[in-house]
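The values are calculated or read from the model by the stated rules, or taken from the named source; none is laboratory data. Note that this is a predicted model, so its numbers are computed, not measured. Don't worry about glycine lacking a Cβ; one is built from the backbone with ideal geometry, like all the others, and counts go over all protein chains shown. We work out accessible area using only protein heavy atoms, side chains counted, and drop any ligands, DNA or RNA first. Shrake-Rupley method; radii C 1.70, N 1.55, O 1.52, S 1.80 Å.
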Amino acid sequence: MATLTLEVFSRFQSATDANKLLYTPIADKLTYNYTRLYTVECDGDIDAARDYMRAVLLDDISQKAEETGSPALQGELFSICYGIKPGALDLEKEAILTNYCGRKELPFSISILKITQKVYVFGRGDKDALAARFASDICNPAIHNWSIN
């Protein structure tokens with residue numbers, strides 16, 4: 001069993017005003033950027049699995065992928081990773097797995113696919129208080145799991 005990690009992000013999107021993420025604005029001058037983090041547990045030909053996932057997830061013209069497990073973006077005050085709870089409807093995950101199941105005789109098998117949205121917040125301020133505020137406005141406890149880094 002091997003784990004593949006692809007953090008996909010736009011080549012052209014720069015950090016923008018983080019108040020767009022909040023229900024009510026704050027005075028701190030913060031910006032944010034985001035990525036999609038895909039974690040895949042698979043068996044078999046790992047290079048073929050990596051190629052397949054890159055083909056399905058990545059537009060090589062407008063996107064890049066970080067595959068080392070290191071954060072794709074640097075210099076953040078904090079980041080919030082959130083994803084759909086098990087059992088809740090995740091349309092992106094369903095689409096990827098439907099595509100995978102429709103392919104015959106792939107030299108690998110996917111046992112787990114986890115999709116996480118990662119929001120990087122940049123600037124200065126009370127990290128813990130700001131992270132809690134952003135998490136409460138971004139994440140819905142009924143459907144999301146999240147962590148603050």
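Points worth noting:
- Filter result (over 14 Å from GLY123 (Cβ atoms), of a type in the set (S, T, N, Q) and crowded, with 18+ Cβ neighbours inside 10 Å) within the range 13-46: THR35
- LEU73 vs. criteria part of a loop (DSSP other than H, G, I, E, B) and surrounded by 15 or more Cβ atoms within 10 Å (Cβ to Cβ): yes
- Cross-chain or 6+ apart pairs with Cβ under 6 Å, the range 1-29 first and under 22 Å from ARG133 (Cα atoms) and in contact (Cβ under 8 Å) with a residue 60 or more places away in the chain, then outside any loop (DSSP other than H, G, I, E, B) and open to solvent by 90 Å² or more (accessible area, probe 1.4 Å): none
- Residues of the range 115-124 that are under 18 Å from ASP17 (Cα atoms) and either of a type in the set (Val, Ile, Thr) or open to solvent by 40 Å² or more (accessible area, probe 1.4 Å) (or both): VAL119, VAL121, ARG124.
- Single residue of the range 30-43 satisfying the filter (among the hydroxyl-bearing types (Ser, Thr, Tyr) and within 18 Å of ALA129 (Cα to Cα)) that is farthest from the chain's Cα centre (by Cα): THR31
- Condition met for LEU58 (farther than 16 Å from ARG133 by Cα, without any contact (Cβ under 8 Å) to a residue 60 or more places away in the chain and of a type outside the set (Gly, Ala, Ser)): yes
- Failed condition for TYR52, given (1) surrounded by 16 or more Cβ atoms within 10 Å (Cβ to Cβ); (2) under 30 Å from ASP17 (Cβ atoms): (2)
- Among the conditions (1) more than 27 Å from ALA2 (Cβ to Cβ); (2) touching a residue at least 40 places away in the same chain (Cβ under 8 Å); (3) in a helix (DSSP H, G or I), GLY125 misses just one, which is (3).
- Residue selection: SER10 satisfies the criterion of being within 19 Å of ILE138 (Cβ to Cβ) and surrounded by fewer than 15 Cβ atoms within 10 Å (Cβ to Cβ).
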